[in-house]
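Only one structure is covered here, and it is reproduced in the block below.
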Amino acid sequence: GRRDERRESIAAGGPVEPDACGEMDTEFIREQAYLNHSPVIQAWYAWPAPGRVRLSDPSLYPATIPQIDDKAEAEKYEANARRNYVLVFVDINKVDFVNLDESTRTQYVRRGDTSWSITEVNP
């Protein structure tokens, strides 16, 4: 169905399209993005917060979540990694691009049909 088509489009790096009601299923998109990472990258999200002093307990830093033998422990890391994984959605309607090396400036404005109008203007 439509959900499977969206899953395939997202997995292939395609655009994220709203559903029939015009809404994006952001939780579904976040989940798919998480699952598209390698097990090593997924495991990083289960580690302690970035910038903290690295602790000596190696169990806090699994190489991959699937390699943890204890099922309950693996589920704990998996849940923690999924909770820590975040996507930011940005809806861009206008871009003003200035290239100082070439002394050019281009303005892009998104139209309602998702195409862009492009205008060269003075920098």
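Taking only protein heavy atoms and a 1.4 Å probe, the accessible area of the stretch 37-123 is 55% carbon and sulfur.
Sorting ARG54, ARG110 on solvent-accessible area from highest to lowest, probe radius 1.4 Å, gives ARG54, ARG110.
Given their separation in residues at 0.36 nm each and the Cα-Cα distance between them, THR26 and ILE41 gain 3.4 nm when the chain is fully extended.
The values are calculated or read from the model by the stated rules, or taken from the named source; none is laboratory data. Bear in mind the structure is a predicted one, so any value in this text is a computation, not a measurement. Please note that ligands, DNA and RNA were not included when accessible areas were found on the heavy atoms of the full protein model with its side chains. Shrake-Rupley method; radii C 1.70, N 1.55, O 1.52, S 1.80 Å.
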